[in-house]
Amino acid sequence: MTGRSLAEVAVEPATTLDFMLWVVVPYVSMAVFVGGHVWRYRYDKFGWTTRSSQLYERRLLRLGSPLFHFGVLVVVIGHVGGLLVLKSWTEALGISEELYHATAVVLGVIAGVCTLAGAAILVYRRRTTGPVFSATTRNDKVMYVLLVGTIVLGLGTTLLGNLDGHPHDYRETVSPWFRSIFYFQPKPELMAAAPLGFRLHALAAWALFAFWPFSRLVHVFSMPLGYLTRPYVVYRSRDDRLGNRAPRRGWERTR
């Protein structure tokens, strides 16, 4: 069963609080996100790192890190499709609302579970491995709280909305509100009409984006794509004895 159409959703005029939450907060968050990255790249290049702890522990990292990153990647792709792809486009491609909704729910649940499982392993690793725990800063703890909280709210909203048999059609409220932010014609009344779970999820996401530039999450924008095209590094030894051919015996050359 699909959610209610926009005509069935009670959309009331936006209040001052709605304007602050669904117009001011997004723009402030985006400004901090962009400005924070520019500032950190200019003045904190040495801190632009993941602060890898692979040397301290590898077994749990090999399991938790791929699981977490796979889940996050699918979550991002799903959000891009759900928020930016117009409903009319999928209908023009012959994708029914039922098929779109079922696919979104299945992929969303799988991605959410993988992300949470990976995050749980990584948090457990940080808490139980001494050197890793010692290298964990308060900044890292805040990052994990915001990141996991955002994912839990999104996954919980998806599950609860489908368990009661009346899922909310976010493409009638949340998606057009999100696009209106970038059109510079914000429509806070649409987001105000969405269920509480969606609103909490959105606020948590804006808080995460505002905190992003000041955390280790900046490594997302430092993918080592140059490794694919750079030439090989050639190493040569200064010691003749390490060569393939032994030097000839005889008198040493003098100058």
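Within the stretch 34-63, residues that are farther than 28 Å from Thr129 by Cβ have Cβ atoms under 7 Å from residues that are surrounded by 14 or more Cβ atoms within 10 Å (Cβ to Cβ) in these pairs: Gly36/Pro213; Gly36/Phe214; His37/Pro213; His37/Val218; Tyr41/Trp48, counting only partners at least 6 apart in sequence or on another chain. Taking first residues from the stretch 80-104 that are under 21 Å from Phe178 (Cβ atoms) and partners that are surrounded by fewer than 13 Cβ atoms within 10 Å (Cβ to Cβ) and not small (Gly, Ala, Ser), the Cβ contacts under 8 Å between residues at least 6 apart in sequence or on separate chains come to Glu97/Glu91. Is it the case that Tyr144 is open to solvent by 30 Å² or more (accessible area, probe 1.4 Å) and closer than 24 Å to Ala192 by Cα? So Tyr144 fails the test.
Please count how many residues of the stretch 82-128 are of a type in the set (D, E, K, R), out of contact with any Asp or Glu (no Cβ under 9 Å at 6 or more places or on another chain) and at pLDDT 85 or above.
First, pick out the residues of the stretch 82-128 that are of a type in the set (D, E, K, R): 87, 91, 97-98, 125-127.
If we keep only those that are out of contact with any Asp or Glu (no Cβ under 9 Å at 6 or more places or on another chain) too, we end up with 98, 127.
Add one more test, that the residue is at pLDDT 85 or above, and what stays is 127.
Residues meeting the conditions: 1.
Selection of first residues in the stretch 176-196 that are among the small types (Gly, Ala, Ser) and of second residues that are modelled with pLDDT under 95 and surrounded by fewer than 17 Cβ atoms within 10 Å (Cβ to Cβ), restricted to Cβ pairs under 6 Å at least 6 apart or on distinct chains, gives the following pairs, ordered by first then second residue: Ala193/Val9; Ala193/Val11.
Summed over the stretch 160-175, the residues that are at negative phi, in contact (Cβ under 8 Å) with a residue 60 or more places away in the chain, open to solvent by 20 Å² or more (accessible area, probe 1.4 Å) and more than 23 Å from the chain's Cα centre (by Cα) give a count of 3.
Exactly one residue out of Thr157, Thr150 is assigned to a helix (DSSP H, G or I), crowded, with 17+ Cβ neighbours inside 10 Å and either basic (Lys, Arg) or in contact with a Gly (Cβ under 6 Å, 6 or more places away or on another chain) (or both), and it is Thr157. Taking the criterion of being more than 14 Å from Ser175 (Cα to Cα) and touching a Ser or Thr at 6+ places or on another chain (Cβ under 7 Å), the residues of the stretch 51-100 that qualify are Tyr56, Glu57, Phe68, Gly71, Val72, Val75, Glu97, Glu98, Tyr100. For the residues Leu55, Leu67, the requirement of being open to solvent by 50 Å² or more (accessible area, probe 1.4 Å) and in contact with a helix residue (DSSP H, G or I) (Cβ under 6 Å, 6 or more places away or on another chain) singles out Leu67.
When you check Pro186 against the structure, is it part of a loop (DSSP other than H, G, I, E, B), in contact with a Gly (Cβ under 6 Å, 6 or more places away or on another chain) and crowded, with 20+ Cβ neighbours inside 10 Å, yes or no? Judged against the criteria, Pro186 is not a match. Would you confirm, using the coordinates I've provided, whether Thr115 is open to solvent by less than 70 Å² (accessible area, probe 1.4 Å) and within 27 Å of Gln54 (Cα to Cα)? It is true that Thr115 is open to solvent by less than 70 Å² (accessible area, probe 1.4 Å) and within 27 Å of Gln54 (Cα to Cα).
Condition check ((1) touching a helix residue (DSSP H, G or I) at 6+ places or on another chain (Cβ under 6 Å); (2) β-branched (Val, Ile, Thr); (3) closer than 20 Å to Leu217 by Cα) across all residues:
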site: Val24; (1), (2), (3): no, yes, no
site: Tyr41; (1), (2), (3): no, no, yes
site: His79; (1), (2), (3): no, no, yes
site: Glu91; (1), (2), (3): no, no, no
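Restricting the stretch 118-130 to residues that are open to solvent by 40 Å² or more (accessible area, probe 1.4 Å) and β-branched (Val, Ile, Thr), the residue that is nearest to Tyr56 (Cα to Cα) is Thr128.
The values are calculated or read from the model by the stated rules, or taken from the named source; none is laboratory data. Bear in mind that the values here come from a model prediction, so they are computed numbers and not experimental data. Please note: Cβ atoms are built from the backbone with ideal geometry, for glycine as well, and neighbour counts cover all protein chains shown. For the accessible areas, the whole protein counts, side chains as well, though only heavy atoms, and no ligand, DNA or RNA atoms are used. Shrake-Rupley method; radii C 1.70, N 1.55, O 1.52, S 1.80 Å.
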